[in-house]
Amino acid sequence: MNTEDRTTYYTTLPSPLGELLLTADSSGALTSLSVPGQKGGRTVGEGWVRDPGRFAAAERQLAAYFSGELKEFELELKPEGTEFRRRVWDALDDVPYGATTTYGEVAARIGASRAAVRAVGGAVGANPLLIVRPCHRVIGADGSLTGYAGGLERKVELLTLEGSL
């Protein structure tokens with residue numbers, strides 16, 4: 001594998017949630033989307049290459065999402081994580097705009113036991129692609145707005161934008 005294949009490309013974009021940091025691999029697939037102060041969020045690393053042009057589709061779609069014109073992202077995503085986490089993250093894509101689900105429902109959707117709900121919560125919390133992988137749509141079984149790596153105020157903002165609050 002050559003150096004090009006391991007390069008992390010990035011850009012930053014303004015948004016109503018603060019400046020977003022997007023990363024992609026050499027194929028152009030999004031590998032992460034972080035908000036300022038995000039628990040476990042990324043920061044620009046040594047050797048990363050700023051390449052805003054690589055993120056044109058993501059920039060257009062995020063702008064349309066925040067203006068209420070886009071309900072479903074169509075971007076190539078390539079987050080790094082365990083097989084279990086990737087299954088949980090894939091299940092997030094099935095939660096429609098304007099809807100919410102629970103951790104238990106996500107566990108059931110991927111065929112995990114009720115005992116796995118805590119592990120599902122950990123995987124949801126470790127989602128490296130905030131906003132485009134809608135972990136903000138996962139709420140507690142009692143309807144409470146449980147944790148969000150980007151901060152509960154941002155979760156409220158996203159759910160309000162989508163009309164589910």
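The values are calculated or read from the model by the stated rules, or taken from the named source; none is laboratory data. Please read these numbers as outputs of a predicted model, since none were measured by experiment. All Cβ positions, even for glycine, are placed from backbone atoms using ideal geometry, and neighbour counts span all protein chains on display.
A few remarks follow.
- Residues in the stretch 134-165 that are within 17 Å of P36 (Cα to Cα), touching a residue at least 60 places away in the same chain (Cβ under 8 Å) and not hydrophobic (A, V, I, L, M, F, W, C) were compared, and the one that is surrounded by the most Cβ atoms within 10 Å (Cβ to Cβ) is G150.
Results for (1) more than 13 Å from V132 (Cα to Cα); (2) within 14 Å of the chain's Cα centre (by Cα); (3) modelled with pLDDT of 95 or more, shown as yes or no for each residue.
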{"position": "E19", "(1), (2), (3)": "yes, no, yes"}
{"position": "K39", "(1), (2), (3)": "yes, yes, no"}
{"position": "F55", "(1), (2), (3)": "yes, no, yes"}
{"position": "A58", "(1), (2), (3)": "no, yes, yes"}
{"position": "L62", "(1), (2), (3)": "no, yes, yes"}
{"position": "F73", "(1), (2), (3)": "no, yes, yes"}
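- Selected residue (criterion: nearest to L30 (Cα to Cα)) from residues of the stretch 55-113 that are of a type in the set (A, V, I, L, M, F, W, C) and exposed (fewer than 14 other Cβ atoms within 10 Å of the Cβ): A56
- Whichever residue in the stretch 10-38 is of a type outside the set (S, T, Y) and assigned to a strand (DSSP E or B) and, among such residues, is surrounded by the fewest Cβ atoms within 10 Å (Cβ to Cβ): L13
- For the stretch 127-149, a residue qualifies if it is at pLDDT below 95 and either under 22 Å from L30 (Cα atoms) or not in a loop (DSSP other than H, G, I, E, B) (or both), and the qualifying residues are Y148, A149.
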